[in-house]
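Participant: The structure follows.
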Amino acid sequence: MGLDLMLSSRAAEKRLWTVLAVSLLVVIVEVIGGIIGRSLALLGDSAHVLTDVLTVGIAIMTVRLGRRPHTPKRTFGYHRAEIFAALVNGSTLIAVALVIIYQAYLRLLQPPSVQASLVLAVASLGLLGNLVMAGLLAPSRKASLNVRGAFLHAVGDTLSSLAVIISSLVIMFTGYNWIDPLVAALIGILIIRSAYGLVRDSTNILLEATPKQLELEKVAESIQSIAGVKGVHDLHVWTITSGLYALSGHLIVETESISEGSLIVERVEARLKEQFGIEHATLQLEKESLERIQAEDAGL
C-alpha cells in the first residue's frame, strides 16, 4: 500500500472508531425512548442505526485488514476485503429499506398511536448524533468504498431522524398518525437509490471492470504518444481497492536494446501514474511490426 493510501486508511479508521461510539450511544438512547414511549417508529429507527454499528464495525475490520502485508498466497494482500464489505453494506442498506417500506405499508393500513412529544425529543437527539456521524465520515467517503457505505448509512439515519421529527410535529398539531409511515416509505426509497450506486460500484470492482473515471481508449492513446512506443494491445485496467488501480498490456517497440526497452517501460509507467493515477503496471515488450498486429485484430 502506498504512503498516501496508508495515511488515508489510518485517518479513516480514527473517524470510524468515533462514529462507532456515537452510533452505539444513539441506539441506546432511541431504544430506551422507544420502549418508554411505546413508539414502534422510534424502535425501528434505532434498528436502522444498529445497522450502522455493524457497518462501521465491518469497515474498521476491513480497513485494518487492508494494511496487512502481502503474502505469497495473497499477493495483493487483503485489499479486496474492503470491496466485499462494501457490497455487503450496500445490500444490507437495500434490505433495510425494503423492510422500512413494508412496515410503512402495514402502518398505513393501521396507523399506531404515537407519543409525539417524547418521540420528538428522542428523535432530535438521534438527529444530532447522526449529523455528527455524517460530518465525521464525509471527508473520507471518496477515498474508500467502505467508508462511503458507512457514510450512506449515516445519511440515511439522518433522513430517518428528520422524518420522525417532522411526523411527530404533524401528529402533535393535527393528530394524523398516518404521516409517520408515509414519510418512512419515502425515506426507504431514498436509501435504495443511494445504496444502488454502492452495490454497482463494488460489483464492478469485483468483476474487474475498467474504472468508470478512466477511458481505455485514452489510456492507450497516451501510451502510444510516448517516444519509442509503436503500439499497444491486450490492454486491461482494473481496480484492486478504492484508489488503487492496476494495468497490464503488451507494448510494441522498435529497439534491439534491453536497456532502451526498460527506459521505455519506465516512461510509460511514469505517464500512467501521473496522468491516470495507475501505480501498478505490468507491461510486456514485443518487437513486432504494428501492421501485423493491426492485421490480426482485423481478422485478416
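Participant: Among 53, 262, 170, which residue has its Cα positioned farthest towards the positive end of the charge dipole of the chain, with +1 placed on the Cβ of Lys and Arg, -1 on the Cβ of Asp and Glu, and the dipole taken about the Cα centre?
Facilitator: Result: 170, furthest along the dipole toward the positive end.
Participant: Roughly how many debye, to the nearest 20, is the charge dipole of the stretch 134-259 about its Cα centre, given +1 on each Lys and Arg Cβ, -1 on each Asp and Glu Cβ, and no other charges?
Facilitator: Working: 8 positive and 10 negative charges, 96 e Å.
Roughly 460 debye, rounded to the nearest 20.
Participant: If you don't mind, another one. Per DSSP H run of at least 4 residues, take -39500 (n - 2.57); add these up for the chain, divide by its residues and hand me the 222 nm value, nearest 500 deg cm²/dmol.
Facilitator: -24500 deg cm²/dmol
Participant: For the stretch 216-297, report the translational diffusion coefficient in µm²/s to the nearest whole number, using Stokes-Einstein at 20 °C, 1.002 mPa s, and a Kirkwood Rh over Cα pairs.
Facilitator: Approximately 165 µm²/s, per Stokes-Einstein.
Participant: Taking the Cα centre as origin and putting +1 on Lys and Arg beta-carbons and -1 on Asp and Glu beta-carbons, what dipole magnitude results for the stretch 3-206, to the nearest 20 debye?
Facilitator: In total the dipole reaches around 800 debye.
Participant: Also, I was wondering about something else. For the stretch 240-252, take each phi angle, set θ = phi - 60°, evaluate the Karplus expression 6.51 cos²θ - 1.76 cosθ + 1.60, and give the result in whole Hz per residue in order, putting x for glycine and proline.
Facilitator: 7, 8, 4, x, 10, 10, 10, 9, 9, x, 10, 9, 9
Participant: Next up: Is any helix in the chain, taking whole DSSP H runs, at least 24 angstrom long along its axis by alpha carbon and on average at least 1.6 on the Kyte-Doolittle scale, and which ones? List each step's numbers first, then the result.
Facilitator: Values: long enough: 3-37 (50 Å, 1.39); 40-66 (39 Å, 1.37); 79-109 (47 Å, 1.28); 116-137 (31 Å, 2.08); 145-174 (43 Å, 1.40); 179-206 (41 Å, 1.22); 258-276 (26 Å, -0.15).
Flagged H segments are 116-137.
Participant: Could you pull out every residue, at least 5 positions away or on a different chain, whose amide H is within less than 5 Å of the one on residue 231? Hs are placed 1.01 Å off N in the peptide plane, and Pro or chain starts have none.
Facilitator: Here the answer is 252, since their amide H atoms fall under 5 Å of that of residue 231.
Participant: At a threshold of 8 angstrom on Cα-Cα distance, excluding pairs fewer than six apart, so keeping six or more, what relative contact order does the chain reach in percent? Provide the component values of the computation, followed by the final result.
Facilitator: Numbers: 437 pairs, mean separation 51.2, N = 300.
That works out to 17 percent.
Participant: Sticking with this one: Given 10 °C and 1.306 mPa s, how large is the Stokes-Einstein diffusion coefficient of the chain in µm²/s, with Rh as the Kirkwood radius over Cα pairs?
Facilitator: D, rounded to a whole number, is 72 µm²/s.
Here, each number is a calculation from the coordinates, and none is a lab measurement. Just so you know, these numbers come straight off a predicted model, no measurement behind them. FYI the Cβ positions are ideal-geometry reconstructions off the backbone, even for glycines, and counts take in every protein chain you see.
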